[in-house]
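Laboratory data are not the source of any read-out in this text; all were calculated from the coordinates shown. Just so it is clear, the structure is predicted and the values come from calculations on it, not from any experiment. Because the Cβ atoms are built from the backbone with ideal geometry, glycine has one as well, and the counts that use them run over all protein chains shown.
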Amino acid sequence: MRILLAWLPFIFWSILIFFLSSIPSLKVTDNWLIQTILNDCGHFTFYGILALLAFFAFTRSHFVNPPKLALLYAFFYGVSDEFHQHFVPGRTMDIWDLALDTFGALTFLFLLKKLQSTRNNKMTTQL
């Protein structure tokens, strides 16, 4: 049951990304600069969170090399998302978005590793 609970946020987040990608001409503002910043930050952050949720699901399920699998999942989900957007009116496939997706996933996983390393060092020092 715990393993299933570890997968639910990961599955939910994947579906949320798909849902948001299905909205034609998704815009928050008509200001090009602000819209571009929001779009880029959104790709970076949403895929960073996706990679973390994938990492925790893979870790809970005792997969080998969860960080690598999480990064690969985020990348290939980004590829499929960009392909999907090609068929949504007002949306386009964009290699820059895929780069932001992948960089976000890599950054979040890197920060998690640093955080875990810092926590392990503090625990070792306290012993």
Calculated [θ] (222 nm, deg cm²/dmol) that DSSP helices of n ≥ 4 give over the chain, each run adding -39,500 (n - 2.57): -28000 deg cm²/dmol
Relative contact order %, the chain, counting alpha carbon pairs below 8 Å whose residues are six or more apart: 32
So the angle from the long Cα axis of helix 95-126 to the longest Cα principal axis of the chain, reported in degrees to the nearest 10, equals 20
Do you know the Lys pair count in the chain for C-alpha distances under 21 Å, with sequence separation 8 or more or different chains? 4
Using alpha-carbon coordinates, inclination of helix 66-85 to the longest axis of the chain, degrees: 10
For the Phe87, Gln35 Cβ pair and Förster radius 25 Å, calculated FRET efficiency rounded to 0.05 is 0.70
Unit charges at the beta carbon, dipole of the chain: most positive-side option, Ile34, Phe12, Ala54: Ala54
Between the helical axis of 32-60 and the dominant principal axis of the chain, each derived from Cα atoms, what acute angle in degrees is found, rounded to the nearest 10? 40
